[in-house]
């Protein structure tokens, strides 16, 4: 029969172990973390930061790739056959034949007065059958459906010679003016392998309030990294079904992109220009 003194010694020993247990756990965790730091290369932690940070910049040298240039961009310009007569000068002011890549999406084939199609203009495509899209999505506005669907068409119809090297999809209207060298310099600061949605707010503050402060206004152009454009293109019909009640292509695009967990990265270099005309 153990004495009362020995009992108290055993109890005291248990108390000592209980007091030491948190210290042992702490030391074990520190050791494991040190082993993890020593065995994991620094490049892995860097790539994880790039993967989970949607707002980080990356210099081209850190990507081990050539700097972004004009050949890495594809332009999708949405227009109408009727308006093109008066607006083609806007596009031809910056379009560089045999250098810029992309095309103009028209609502119908060009009439005889627009043919032969000049090499100074972007090559044209006729938009997909909007009536089919509207019927399938039950959309309230065929024009909005055509414009949003045009993002998918731009990705799908990008020339095969650039598909493997494509980094950015630039969407604009048939009167959008891009300073392409400045645009390339801007995009070169971003890691094109991440999801990015770039554009500008409207300088007309009520327009931001009425539509959204979290969308790019398409007249000034909007830019999607190619992985984001692919993801949006893949779910374009579901997107149009979800937002078939919206009467704005820019707002619909912003909502669809937000559903993918991406929000606008605004830049002041994208400008909306409004012209007002008084009826006489």
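Given 147, 171, which one is within 28 Å of residue 238 (Cβ to Cβ), assigned by TED's automatic domain parsing to the domain that holds residue 221 and part of a helix (DSSP H, G or I)? Spell out the reasoning first.
Values: 171 fails: part of a helix (DSSP H, G or I).
147 is the lone residue from the list that is within 28 Å of residue 238 (Cβ to Cβ), assigned by TED's automatic domain parsing to the domain that holds residue 221 and part of a helix (DSSP H, G or I).
Of all residues in the range 112-127, those being assigned to a loop (DSSP other than H, G, I, E, B), under 27 Å from the mean Cα position of the chain (by Cα) and surrounded by fewer than 16 Cβ atoms within 10 Å (Cβ to Cβ) number 1. Would you check which residues across the range 64-95 are under 16 Å from residue 185 (Cβ atoms) and either in a helix (DSSP H, G or I) or modelled with pLDDT of 95 or more (or both) and list them? 68, 69, 70, 71, 72, 73, 94 - these are the residues of the range 64-95 that are under 16 Å from residue 185 (Cβ atoms) and either in a helix (DSSP H, G or I) or modelled with pLDDT of 95 or more (or both).
Residues in the range 96-111 include none that are free of Cβ contacts under 8 Å to residues at least 24 places away in the same chain and in a helix (DSSP H, G or I). Of the residues making up the range 238-273, those that are in contact (Cβ under 8 Å) with a residue 60 or more places away in the chain, part of a helix (DSSP H, G or I) and within 20 Å of residue 77 (Cα to Cα) are 240, 249, 252, 253, 256, 257.
Filter the range 64-81 for residues that are free of Cβ contacts under 8 Å to residues at least 12 places away in the same chain and surrounded by 12 or more Cβ atoms within 10 Å (Cβ to Cβ) and give the result.
Initially, the range 64-81 is screened for residues free of Cβ contacts under 8 Å to residues at least 12 places away in the same chain, giving 64-66.
Matches in the range 64-81: 65 only.
A single member of 155, 144, 134 is surrounded by 17 or more Cβ atoms within 10 Å (Cβ to Cβ), in contact with a helix residue (DSSP H, G or I) (Cβ under 7 Å, 6 or more places away or on another chain) and free of Cβ contacts under 8 Å to residues at least 24 places away in the same chain, and it is 134.
From 240, 230, which residue is surrounded by fewer than 19 Cβ atoms within 10 Å (Cβ to Cβ) and modelled with pLDDT of 95 or more? Going through 240, 230 in turn, just one is surrounded by fewer than 19 Cβ atoms within 10 Å (Cβ to Cβ) and modelled with pLDDT of 95 or more: 230.
Return only the number of the condition from (1) in contact (Cβ under 8 Å) with a residue 12 or more places away in the chain; (2) closer than 17 Å to residue 228 by Cβ that residue 184 does not satisfy. Failed condition: (2).
Identify, from the list 218, 269, 200, the residue that is at pLDDT below 85, closer than 19 Å to residue 168 by Cα, surrounded by fewer than 16 Cβ atoms within 10 Å (Cβ to Cβ) and in contact with a helix residue (DSSP H, G or I) (Cβ under 9 Å, 6 or more places away or on another chain).
Working: 218 fails: surrounded by fewer than 16 Cβ atoms within 10 Å (Cβ to Cβ); 200 fails: surrounded by fewer than 16 Cβ atoms within 10 Å (Cβ to Cβ).
Of the residues listed, the single one that is at pLDDT below 85, closer than 19 Å to residue 168 by Cα, surrounded by fewer than 16 Cβ atoms within 10 Å (Cβ to Cβ) and in contact with a helix residue (DSSP H, G or I) (Cβ under 9 Å, 6 or more places away or on another chain) is 269.
The values are calculated or read from the model by the stated rules, or taken from the named source; none is laboratory data. Since we're looking at a predicted model, the values are computed, not measured. Every residue, glycine as well, gets a Cβ built from its backbone with ideal geometry; the counts of neighbours run over all protein chains shown.
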